[in-house]
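First the structure, in the form of structure tokens, and then the observations on it.
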């Protein structure tokens, strides 16, 4: 999409601690389409280490100072784009004016973007980040090394207190998270199988990060040994970064876009590496500005990683997790993003039926291969014929799965009802998540039960 946008001219400035942002306005020409705010207030730095970010869950977020800081660092925005909050805890970007489709909303200079690659380069200069990365690889977490560099960078800037040029951004970060890393063991035990599995992976990941952090020599012992602090840094990074696995980025201010299944905003970069946020459609005044965090049909992943329930998700994974897929099953469509139950209609995706039929035919290899080859060759008529022939078996197996899963959700509800939310503050959201899944499964059951009854009656008559 071609943007009607002329990037501001940003003059390189001396970096503080590697690729730290500068709040200088010198050499920057304002784009006429953007509001440039000149602030006479000084930065949050002081002459001595006098303040650290308070990461207590009850601590307040200083978002307003961060908002001023990003402007001082060269961020530009169209008039009307602003940060809002109803409770002072959850903040989001919205527009107070109408914005046309394909309009640029934000321009964030390249030197304000935190990236895994630049963090790695800086941390190699200040210490032995390679030892931490080696430890992570030995623990089996090598695939997460890009995330690890950003977590180490956040901890380094935390250690520098208000002398860090990133202090205003760090001090605006959430303290209270609802994702897997923040849950108590009791909360974890109240999760359905998929989100339980995803949550366990997140907790193993942060545990590995903690062990790897112990190997680095550029952090204070107090910081390194504080598991709560490492968890907080992990949550800050994992809930705000995006990009390819090999180089994750965090873009201050743009990291305040919330998620939507039907987003208003997308992200791009110009030839100089500056981040540009632009609209995907006309956005009326008073509307939130949101981007997509990923596949909208996997709300369990959002819940485990980010700690929110996406009730706008059109569908959810059917929760069939007892099948160990081979390559043929993967070819047929065994994938969490394709084996779906649809929330509003109770519809069942074709991939669910295909996977169950393939499994049903395990005892009849000749027919199983005939079905597989028909699928791979696009032979719709043969596929339909085999589906009809074995519909009673597949529909009965699916009904058994749905009924069993609904019973398990009731068991989880019983397990949670006597627990104290004051001790387990994520529990109410977990219960809401489980009710969301239950509602979807009940709609599927409403459609599925008559199918099984009809197929059973036809079998008896035959």
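Residue check: residue 261 meets all listed conditions (1) touching a strand residue (DSSP E or B) at 6+ places or on another chain (Cβ under 8 Å); (2) without any contact (Cβ under 8 Å) to a residue 60 or more places away in the chain but one, namely (1).
Scan segment 304-313 and tell me whether some residue there is at pLDDT below 95 and closer than 22 Å to residue 392 by Cα. No: zero hits.
Exactly one residue among 272, 202 is touching a residue at least 60 places away in the same chain (Cβ under 8 Å) and not in a loop (DSSP other than H, G, I, E, B), and that residue is 202. For segment 253-273, residues that are touching a helix residue (DSSP H, G or I) at 6+ places or on another chain (Cβ under 9 Å) and crowded, with 23+ Cβ neighbours inside 10 Å total 2. Only one entry of 394, 312, 345 meets the criterion of being surrounded by fewer than 19 Cβ atoms within 10 Å (Cβ to Cβ) and free of Cβ contacts under 8 Å to residues at least 60 places away in the same chain, and that entry is 312. For segment 224-243, the set of residues classified as farther than 18 Å from residue 153 by Cβ and without any contact (Cβ under 8 Å) to a residue 12 or more places away in the chain consists of 225 only. In the set 212, 180, 133, only one residue is within 30 Å of residue 87 (Cα to Cα), out of contact with any strand residue (DSSP E or B) (no Cβ under 8 Å at 6 or more places or on another chain) and modelled with pLDDT of 95 or more; that residue is 180.
Residues are listed down the side, and each one gets a yes or a no for (1) under 21 Å from residue 194 (Cα atoms); (2) outside any helix (DSSP H, G or I); (3) in contact with a helix residue (DSSP H, G or I) (Cβ under 7 Å, 6 or more places away or on another chain):
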residue: 413; (1), (2), (3): yes, no, yes
residue: 419; (1), (2), (3): no, yes, yes
residue: 423; (1), (2), (3): no, yes, no
residue: 430; (1), (2), (3): yes, no, yes
residue: 438; (1), (2), (3): yes, no, yes
residue: 446; (1), (2), (3): no, no, no
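Condition check for residue 280 on (1) closer than 26 Å to residue 120 by Cβ; (2) more than 19 Å from the chain's Cα centre (by Cα): one failure, at (1).
The values are calculated or read from the model by the stated rules, or taken from the named source; none is laboratory data. All of these numbers come straight from a predicted model, not from anything done at the bench. Cβ coordinates were reconstructed from backbone atoms using ideal geometry, including for glycine residues, and neighbour counts include every protein chain displayed.
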